[in-house]
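J.: I am attaching a structure below and will ask some questions about it afterwards.
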Amino acid sequence: MNKNVERLYNGIIKENPTFVLMLGMCPTLAVTSSAINGLGMGLSTTVVLVLSNLLISAFRKVIPNGVRMPAYIVIVASLVTVVQFMMQAYTPSLSDSLGVYIPLIVVNCIILGRAESYASKNPVVPSIFDGLGMGLGFTLGLTLIGLFRELLGAGQIFGAQVLSLSWFTPITIFVMAPGAFLVLACLVAVMNIVRAKMEAKGKPLAKPSGCITGDCAGCGMSATCTGKKPESAAAEKTE
């Protein structure tokens, strides 16, 4: 598999940050009361992921090791500020709906995790595709959760009424905080069922591997990664 395509596949399917790695749960649970909110949050995070991976990879040999985390935060914070201003200018209603969660992208564990574990150790182009894959996987997760919550909680999809209120009674708990946990749990359970059925048919989905899981053996970039863990450390982790 092409390395760039593999990075997309990892982020969307194999290492989906929402349904597999369970990262970024704060915005996942907080802003997905509607599909448009989930889509907007996911795409905003994707833009920051791609650009931060690009810049951090490009300057990985210049940034001193001792100040790399403060440097990453400065880069990410600058990008988030630009994204926030753009949203306030062109999508003010969406910006108001997402509120404080746009600035909080700065401390999103997905962005800092990819910066530290991948972009700082790999070339620019694979890092861009890594950010794009993770961002699209995050967007897919948030949009699906928002889609189900909006449909069950209001009978709508992207603001359009699809279930007539003459016979459908909205289940308001799904647009409230507990609804996020219920929908997330159901979608994760569905993914686990699909994985189990694929394994039973002899076509298992690949298990998560690579930098973010601490497993270098199954990573397609292990041959070129400068931050590859020694085999002894990997053996100790498995024990």
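Every number here is computed from the coordinates shown, using simple stated rules; none is lab data. Not measured: the values here are computed from a predicted model. Backbone-built Cβ (ideal geometry, glycine too); neighbour counts: all protein chains shown.
J.: Residues of segment 28-59 with backbone nitrogen within less than 12 Å of a virtual label 7 Å along the Cα-to-Cβ line of VAL82, please, listed as ranges.
T.: Output list for this probe position: 47-56.
J.: Something else now. Among the trypsin sites (Lys or Arg not before Pro) within segment 21-115, which fall in a DSSP loop and have no more than 11 other Cβ atoms within 10 Å of their own Cβ?
T.: Passing sites in segment 21-115 are LYS61.
J.: Taking the Cβ of ILE128 as the centre, find all other residues whose Cβ is under 15 Å away and add up their charges (Lys, Arg: +1; Asp, Glu: -1).
T.: Taking every other residue near ILE128 into account, the sum is +3.
J.: So, in nm, how far is label ASN192 from label MET25 when the simple model puts each one 7 Å beyond its Cα toward the Cβ?
T.: 1.3 nm
J.: Tell me, THR91, THR28, THR169 in order of fewest to most beta-carbon neighbours within 10 Å? Write out the running numbers ahead of the final one.
T.: On the way: THR91 15, THR28 23, THR169 8.
Ranked by crowding around the Cβ, least crowded first: THR169, THR91, THR28.
J.: What is segment 3-206 by shape, rounded, prolate or oblate, if you read a ≥ b ≥ c off the alpha carbon gyration tensor as root eigenvalues and call it rounded for a/c under 1.5, prolate for a/b larger than b/c, and oblate otherwise?
T.: oblate
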